[in-house]
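Undergrad: Dropping the structure in here first, questions after.
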Amino acid sequence: QVQLVESGGGLVQPGGSLRLSCAASGGTFMTYTVSWFRQAPGKERELVAAIRWRPGMTVYADSVKGRFTISKDDAKNMAYLQMNSLLPAYTSVYCCAAGTTSTYTYQGSYTYWGPGTQVPVSS
């Protein structure tokens with residue numbers, strides 16, 4: 001049973017940067033797609049970015065292209081989300097998910113989910 005845990009969230013000012021981490025235990029990311037989702041207050045959860053572990057192909061939501069970068073570390077079995085030029089509208093709970101899927105936006109195709117980490121963007 002794979003367990004995911006996010007870290008790195010916290011209050012950040014508009015225009016600031018933050019790097020979120022997703023650690024897996026009980027298994028490896030090697031055969032999975034790992035994605036970051038976010039859910040803003042009063043809104044539905046949405047895909048932010050996804051990475052297919054092999055060959056490392058990435059996908060981004062249009063709203064974060066050029067601001068966010070998803071990456072991985074094979075040796076550490078971790079995924080990351082580097083977030084730059086943050087906007088107040090990005091205030092959300094960010095969570096990582098893993099599944100053997102190529103339908104990145106379909107949340108039902110992900111088997112494992114982390115509990116999420118809060119990212120308030122505010123001055």
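Undergrad: Ratio of the range 1-109's C-alpha Rg to 2.2 N^0.38 Å, to two decimals? Write down the numbers at each step before the final one.
TA: Values: Rg = 13.2 Å, N = 109, 2.2 N^0.38 = 13.1 Å.
So the range 1-109 has a normalised radius of gyration of 1.01.
Undergrad: Here's a follow-up. With a point put 7 Å past each Cα toward its Cβ, work out how far Asp62 is from Gln82 in nm, to one decimal.
TA: Each label point lies 7 Å from its Cα, and together they span 2.6 nm.
Undergrad: What net charge is computed for the residues neighbouring Ala24, neighbours being all others with C-beta under 12 Å from the C-beta of Ala24, Lys and Arg scored +1, Asp and Glu -1?
TA: On the way: positive: Lys72, Lys76; negative: Glu6, Asp73, Asp74.
Charge balance in the 12 Å sphere: -1.
Undergrad: Follow-up question, since we're still on this one. Pull the list of the chain cysteines that no other Cys approaches to under 4.7 Å, Cβ to Cβ.
TA: Cys95
Undergrad: Now, a different point. Using a 7 Å offset from the Cα along the Cα-to-Cβ direction at both Ser7 and Tyr106, what is the distance between the two label points in nm, to one decimal?
TA: 3.4 nm
Undergrad: Tally up the carbon and sulfur contribution to the accessible surface of the range 11-58 as a whole percent, 1.4 Å probe, everything protein left in place.
TA: Numbers: 1170 of 2470 Å².
The C+S portion of the solvent-accessible surface of the range 11-58 is 47 percent.
Undergrad: Something else: Let me know the charge dipole size of the chain about its Cα centre in debye, to the nearest 20, where only the beta-carbon of Lys, Arg (+1) and Asp, Glu (-1) is charged. Walk me through the intermediate numbers first.
TA: Values: 10 positive and 6 negative charges, 26 e Å.
Approximately 120 debye in magnitude.
Undergrad: List, in order, the whole-Hz ³J(HN,Hα) value for each residue of the range 42-59 obtained from phi through the Karplus relation with A = 6.51, B = -1.76, C = 1.60 and θ = phi - 60°; use x for Gly and Pro.
TA: x, 10, 7, 5, 9, 6, 9, 7, 9, 9, 7, 3, 10, x, x, 5, 10, 9
Undergrad: Work out the charge dipole of the range 2-123 with +1 on the Cβ of Lys and Arg and -1 on the Cβ of Asp and Glu about the Cα centre, then indicate which of Gly42, Gly9, Thr58 is farthest towards its positive end.
TA: Thr58
The values are calculated or read from the model by the stated rules, or taken from the named source; none is laboratory data. Predicted model, so just to flag it, every value in this text is computed and none were measured. Note that we place each Cβ from the backbone using ideal geometry, even for glycine, and neighbour counts take in every protein chain shown. Just the protein is used for accessible areas: all its heavy atoms, side chains included, with ligands, DNA and RNA removed. Shrake-Rupley method; radii C 1.70, N 1.55, O 1.52, S 1.80 Å.
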